[in-house]
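Visitor: Got a structure for you, questions after.
The values are calculated or read from the model by the stated rules, or taken from the named source; none is laboratory data. Keep in mind the model is a prediction, meaning the values are calculated, not measured. Heads up, the Cβs are rebuilt from the backbone with ideal geometry, glycines too, and the neighbour counts pull from every protein chain shown.
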């Protein structure tokens, strides 16, 4: 992703936008130039862990995003905040989904298909921050290592090269993105129930 400022974006108009000495913003555009992605209110939510809100644009001249939420924030990493699968028209972010009271540390991938106006999840634990995805064909993505040394240090089985068929995932209407975590919790409960 290439950082750029040539899109007509007005940050103060974004949901819950705030600028302070503690927060930061970042802007990316997809390599095909189809989308602009503005991550804002980036802040440290845990030691050395950053997250922010996201706005996705599909028109350089129109400051109105096709997706913007003040409720659903995503993981931010200077090197790999998200992956974009152009054939599938799909963004892949990471979504912290911790339940502090029971110390459950899930960290799923959250997928967004802007044209279809849907989102979905791929269940994962905290190690998602060390992985990314490459698109193999339309609706098929493969897990790749982003931080190989960190994965080696985990001393656990790797998920490198695992394949996912996007048509097999459960998808939800993008207009309900503000409550994405609730959908994930339901999906998580179904998955646990199916395993037992």
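Visitor: Of all residues in the stretch 54-65, which are farther than 16 Å from residue 97 by Cβ and crowded, with 17+ Cβ neighbours inside 10 Å?
Guide: Hits for the stretch 54-65 are 55, 56, 57, 65.
Visitor: Out of curiosity, is residue 87 assigned to a strand (DSSP E or B) and within 22 Å of residue 135 (Cβ to Cβ)?
Guide: It is false that residue 87 is assigned to a strand (DSSP E or B) and within 22 Å of residue 135 (Cβ to Cβ).
Visitor: Would you call residue 129 surrounded by 12 or more Cβ atoms within 10 Å (Cβ to Cβ), at pLDDT 95 or above, closer than 20 Å to residue 81 by Cα and touching a strand residue (DSSP E or B) at 6+ places or on another chain (Cβ under 8 Å)? Talk me through it step by step, then tell me what you get.
Guide: Numbers: surrounded by 12 or more Cβ atoms within 10 Å (Cβ to Cβ): yes; at pLDDT 95 or above: no; closer than 20 Å to residue 81 by Cα: yes; touching a strand residue (DSSP E or B) at 6+ places or on another chain (Cβ under 8 Å): yes.
In short, no.
Visitor: Another question, then. Working only within the stretch 19-53, note down all residues that are out of contact with any helix residue (DSSP H, G or I) (no Cβ under 8 Å at 6 or more places or on another chain), more than 23 Å from residue 97 (Cβ to Cβ) and assigned to a loop (DSSP other than H, G, I, E, B).
Guide: Scanning the stretch 19-53 gives 20, 21, 22, 30, 31, 32, 33, 34, 35.
Visitor: Check 169, 181, 151 and return the single one that is in contact (Cβ under 8 Å) with a residue 12 or more places away in the chain, within 22 Å of residue 89 (Cβ to Cβ), surrounded by 14 or more Cβ atoms within 10 Å (Cβ to Cβ) and touching a strand residue (DSSP E or B) at 6+ places or on another chain (Cβ under 7 Å).
Guide: 169
Visitor: Could you run through the stretch 56-80 and say how many residues are in a strand (DSSP E or B) and within 11 Å of the chain's Cα centre (by Cα)? Outline the logic, then answer.
Guide: So in the stretch 56-80, the residues in a strand (DSSP E or B) come out as 56-57, 67-76.
Next, from what is left, pick out any that are within 11 Å of the chain's Cα centre (by Cα): 72-76.
Qualifying residue count, the stretch 56-80: 5.
Visitor: Report yes if some residue within the stretch 22-38 is farther than 16 Å from residue 177 by Cα, at pLDDT 90 or above, out of contact with any strand residue (DSSP E or B) (no Cβ under 8 Å at 6 or more places or on another chain) and loosely packed, with under 12 Cβ neighbours inside 10 Å; otherwise report no.
Guide: Yes, some residue in the stretch 22-38 is farther than 16 Å from residue 177 by Cα, at pLDDT 90 or above, out of contact with any strand residue (DSSP E or B) (no Cβ under 8 Å at 6 or more places or on another chain) and loosely packed, with under 12 Cβ neighbours inside 10 Å.
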